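The values are calculated or read from the model by the stated rules, or taken from the named source; none is laboratory data. A quick note: this is a predicted structure, and the numbers were derived from the prediction, not measured. Here the Cβ positions follow ideal geometry from the backbone for every residue, glycine too, while neighbour counts run over all protein chains shown. Note: areas computed on protein heavy atoms with side chains; ligands, DNA, RNA excluded. Shrake-Rupley method; radii C 1.70, N 1.55, O 1.52, S 1.80 Å.
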Amino acid sequence: MFGSGSASAALPVAAAQWHKFLERARLRRLDQEKFETFAPIISSKHRLPPVYVADLLLRTTKGHVDFLDPRVPQYLQVLLKLKLVDTPSVLRALYKYSSSHTHAPQRQRQQQEKGKGKEKEGAARGGIVRWTHSYASEELIFWRLHKELQQGTGIRTPREAILVVRLIAQWMVLFTDVAAAFSQDAFGAVDLQTKEEMAMARQAFIVLVLEVCNSPMVLRTFEKPAAKPTRKKLAEALGGFMPSIMGIPAEFISRLEHFRTQTLAGFDPDEKKDAVEVNSYMDMIGLDSFQVPPIPTENSRAGLYVYVHAALVGRPMLDDTALFTYLHNRYQGDIQTTAVQLILASFDVLANAVFRNEGPKTGHLLKSYVVNKVPLILSSLASTSSPMYPFDAELCITQALAQVDINVFPTLSGMFDMNSNSSFQDSVRQDFCFSCQLHGLLSSTATESLLGDITYQSLPDEGRYVKESLVQSCLEDSERAQKLIGELDNMNGNTGAAAQAIVEVIVSLCRNKETMTLKQLCGQLASRPLSLDILLLFNNHQKILHPLCELLDNWGGYDEDQGEYQPVYEEFGSILLLLLAFVYRYGLTPADLGIRSGDSFVSRLLSKGHLSRPLEDLTEQENSHLGGWIRGLFDSEGGGLGDELMSTCPPQDFYILIPTLFQQMVLALGTGNITEDLVRGGLEYLVDILLLPSLVPAILYLSNHLWTTCPTAQQRAVIRILQLIIRPASISADASTMLSSVLNIVAKPLEHALRTYQRHDPTSQEVEPILRALKENIPLSRRTGGADHSELESWAGAHGPNNTAATGGFPATLRNTVQSLVQWAQNPPVNGMPPPYTHRQILAASKMLGAQRFLSILLEELKNHNESPSAGIAYDVITAIVCAPDVTSEASTSAATSSLQDAAGAFGALEPPQRRITLREALKAEADDWKRIQKSDSAMAETVVRLHRRVEAQMVPPPAPPPMLQPELTALSGGEIALGDAIAAAAAADQNMDAMSLDTTGLDAGGDLGLGAGDLGGLASATGSTGGLDLGGDDIFGGLSTNDFGADFGSWEMELT
């Protein structure tokens, strides 16, 4: 196409014009529609081969090498559609500038050695400048290319097939080198986010590889003899690539292996025959037939200690059915032993919190679990007793409390001698005994005998609560419901019924749309984050949150004869505030809430509610609403906010517009188009009950704004706005309470953003006062099971004793944790403290090291115990770690793997559902691969299979599990528990969970954060902004400069390396 001399001479000119066009489009934030209009114009005037267009689009830019512009994937989509680039050219350019090259030191050295022979050739140009962080964009582009292949347009000719396969093979080698480098850097030079992004990009690449392998054009091309070198190169690359991807879903691994050993080898029958003959004997032996030497099973004290801790480390996850299943399988129906061990493990977890100085905010949940939840579980166990498995509650409790450290949990007289500053363990033993007495597990004589003192405590005056009675009284009298919320802090055994009654009342109010009463309850709960923990201790989060989502998504409240609209906004805001308090405290997603539609208000608010939008992307109605709110808040002569504005703008639309409204506020204040007094006046409306919940998306947007690289006038405007919000000059008592609720939600991300800004501008004096104002809110902001920075540093062994070098890092810390648990369980002291333990360490290890790497550490430690007397205990501890509930996993990931490819549909839609592989899944993959392991390490193969069988044995559901708690806590006698109804309810719950799927709409993969969009000329004229890109006239690129284009285009190195 460019073979003639004139065409070759025109190549640099065409490249320069394309460079100008792409650079101007990026700088002016040109949207896809306009880019699609202008790209054919530049192509018709200045034709350029796809390889050059792709290189220009995906290369680093002058002064910017951190990450690809978010607009680039959008522009790439247009160029693919117009056939101005193709699959080989995109893969080549993406590979050339990938940050993977910088993360694989061995590859860098090879490329440097290769470059020595080209010193003269490359002297006139600098080396290739690669992206620092390109994985996120690579993931999106791989999905885009996957879609092209699905549509049959990705590979059109045999030549393209050969090029794509060769590039795919080079990508495999690159990913293999990076995986090897990352595996040697468990916690060091490469940050966690980079490793996660690489894993996501690699998984998208694997899906692309599978599509290439199934391409009819590729398969037809492989049939030709000339394709043999390419086939061989691909087979070699796959052979090295497969061992590095064990963390992906097993379905993908098996499909890749089938292609390598069957499809690809089928083109060379002789080579395939040799491989089959070698492995034919081993393939006849299945996993179930593999015999391993037995090791006696031991149910140690440490195993259940780990499991209970995992269930309470973040959002309470003590699902009754799952807990019963685990206990039933662990103790094989021996409810007497189950009860004793459960009581011991529960007190051990609380004692560990005392020892680790976890503080009252953690201790409150753990104490409520011991005092209010455990007696209910024991009552359910009592209802399942039989002649084969009798149950004596008093005997179980007596045996368990005899082993609980009296120094940590003293009797009444011992409490006066305690020197500990911690208060949350005070009277736990006494409260637990009286709670058991309330539920009929202990007699008054047994209680006095266990406590050994004459106590001043007694049973609650109101007796044992019954949920139905509480619900009825709350529906008749809303003040009773508010009082009941205050009783969630009680430690008297009635909290479970109170928590379930509150949830039932909220569900009923949502169903009947009694929003005025609901507003009061939601506002009260939103101001009490610790009470949310107690609600989830006795209720599934979906039971309370799904009705709230349905109510907010289908909000009415706009009758034709509506007199006032402000009450509608107040009620909507209070209900939404409670939902946001749950979502952000526990890190929930729309899928966790049971939301299936990406178009719902709640889904849009949670996925994009913290992002502003360019004004040109707003609809005419949204522009009108935005202008109305700007005038109402900041136009002192306009009369302020009124019913006219609220009558035309439903609250859902208002909350979606909040980030864009604050973006305009920041732009105007930063450019001097609005005074601080006007901003203060406008914020006075927002720091009031009417609109105060809208500060949640507002502050989240402002926090995101502070993450830019250096202080600017806009950032200083953000700081000033935050000061006015967090420390208002005047505020009512009710508004102050609600503001505290808002700050509880946003405190953690806001703190991180402020610390980042402070590092960029150390001289700033405005940040510390804001941080001091947030001091009380930060500990209440999140309960997700995530570790803090100081914990990660200590586990990683950043410094040894006396600031010496690290000694083993995170893997050594994990081994020490397992060893301490095994040693304690092997010789448990009477009245002794459990070993220090937090399941946050396990979750952090799974996240930072990856499940496969973490599992290998556990397996190596377990193998070392195979011949020791503690082998059974070691297997029990590690089995508990693998089986423990994972609070970081999403509720709707059960169908994630099967729907992975279907979710990849629209390029700009929500990314396909992805999650990290669990320890159990990693163990299953290792067990399935036991033959390969046995060839090199037979002891390890036995360890893997033995552990896998124990894990699966403890996780298999029993035939007919009875309920662990009475479904509604209506009564505690065995005759009143409807087992059939409980099992049906559990089945219905499971069905609902299976029916959930992650929302795949509403997330713009290349979305603009909107930090620079819009007209900066002022708020009044901003609504008419179109972005300002002047492409009219004959010379549409006349205003572009060529200074930054570089040297002669003809000398460009278009090779991959």
Those residues of the range 325-350 which are open to solvent by 10 Å² or more (accessible area, probe 1.4 Å), touching a residue at least 60 places away in the same chain (Cβ under 8 Å) and of a type in the set (Ser, Thr, Tyr), in sequence order: Thr325
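Rundown of residues vs (1) assigned to a loop (DSSP other than H, G, I, E, B); (2) under 30 Å from Gly363 (Cα atoms); (3) at pLDDT below 85, yes/no style:
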position	(1), (2), (3)
Arg260	no, no, yes
Lys273	no, no, yes
Val278	no, no, yes
Ala311	no, yes, no
Leu318	yes, yes, no
Search result, residues across the range 32-65 that are open to solvent by 50 Å² or more (accessible area, probe 1.4 Å), outside any helix (DSSP H, G or I) and over 13 Å from Arg130 (Cα atoms): Arg47
Of residues in the range 598-650 being outside any loop (DSSP other than H, G, I, E, B) and among the polar types (S, T, N, Q), the one most open to solvent (accessible area, probe 1.4 Å): Gln621
Filtered residues of the range 166-177 (kept if in contact with a Lys or Arg (Cβ under 8 Å, 6 or more places away or on another chain) and among the aliphatic types (A, V, I, L, M)): Leu167, Ala169, Leu174
Among (1) under 26 Å from Asn777 (Cα atoms); (2) more than 31 Å from the chain's Cα centre (by Cα); (3) assigned to a loop (DSSP other than H, G, I, E, B), the one test that Leu593 misses: (2)
Candidate set: the range 765-779, residues that are part of a helix (DSSP H, G or I) and farther than 12 Å from Val718 by Cβ; chosen: the one most open to solvent (accessible area, probe 1.4 Å): Arg772
Search result, residues across the range 571-590 that are assigned to a loop (DSSP other than H, G, I, E, B) and open to solvent by 40 Å² or more (accessible area, probe 1.4 Å): Gly587
Residues located in the range 458-494, provided they are in contact with a Ser or Thr (Cβ under 6 Å, 6 or more places away or on another chain) and polar (S, T, N, Q): Ser478
Of residues in the range 218-235 being in contact with a helix residue (DSSP H, G or I) (Cβ under 8 Å, 6 or more places away or on another chain) and over 19 Å from Arg255 (Cβ atoms), the one most open to solvent (accessible area, probe 1.4 Å): Arg220
Some residue of the range 409-425 being at pLDDT 80 or above and open to solvent by 20 Å² or more (accessible area, probe 1.4 Å): no
Test: residue in the range 733-755 that is of a type in the set (A, V, I, L, M), open to solvent by less than 40 Å² (accessible area, probe 1.4 Å), over 24 Å from the mean Cα position of the chain (by Cα) and farther than 16 Å from Ala581 by Cα: yes
Hits in the range 698-714 (condition: modelled with pLDDT of 90 or more and either in contact with a Ser or Thr (Cβ under 7 Å, 6 or more places away or on another chain) or open to solvent by less than 10 Å² (accessible area, probe 1.4 Å) (or both)): Ala698, Ile699, Tyr701, Leu702, Ser703
Count - residues of the range 668-692 that are in contact (Cβ under 8 Å) with a residue 60 or more places away in the chain, closer than 17 Å to Gln714 by Cα and not in a helix (DSSP H, G or I): 3
Any hit, the range 390-408, residues being in contact with an Asp or Glu (Cβ under 8 Å, 6 or more places away or on another chain) and either at pLDDT below 90 or of a type in the set (Asp, Glu) (or both): no
Conditions (1) surrounded by 15 or more Cβ atoms within 10 Å (Cβ to Cβ); (2) without any contact (Cβ under 8 Å) to a residue 24 or more places away in the chain; (3) not in a helix (DSSP H, G or I): number failed by Pro762: (1)
Residue ID - modelled with the lowest pLDDT, chosen from residues in the range 160-201 that are of a type in the set (Asp, Glu) and in a helix (DSSP H, G or I): Glu196
All positions within the range 514-538 that are open to solvent by 20 Å² or more (accessible area, probe 1.4 Å) and of a type outside the set (A, V, I, L, M, F, W, C): Glu514, Thr515, Thr517, Lys519, Gln520, Gly523, Gln524, Ser527, Arg528
Residue match in the range 470-481 (condition: within 29 Å of Leu739 (Cβ to Cβ), of a type in the set (A, V, I, L, M, F, W, C) and within 31 Å of the chain's Cα centre (by Cα)): no
Positions within the range 702-732 being over 29 Å from the mean Cα position of the chain (by Cα), assigned to a helix (DSSP H, G or I) and not small (Gly, Ala, Ser), in sequence order: Gln714, Arg716, Arg720, Ile721, Gln723, Leu724
Complete set of residues in the range 72-102 that are open to solvent by less than 10 Å² (accessible area, probe 1.4 Å), modelled with pLDDT under 90, among the polar types (S, T, N, Q) and in a helix (DSSP H, G or I): Ser100
Condition met for Leu552 (surrounded by fewer than 21 Cβ atoms within 10 Å (Cβ to Cβ), in contact with a His (Cβ under 7 Å, 6 or more places away or on another chain) and in a helix (DSSP H, G or I)): no
Criterion (open to solvent by less than 20 Å² (accessible area, probe 1.4 Å) and of a type in the set (Gly, Ala, Ser)) met by exactly one of Ala322, Ala310: Ala310
Leu68 touching a residue at least 12 places away in the same chain (Cβ under 8 Å) and in a loop (DSSP other than H, G, I, E, B): yes
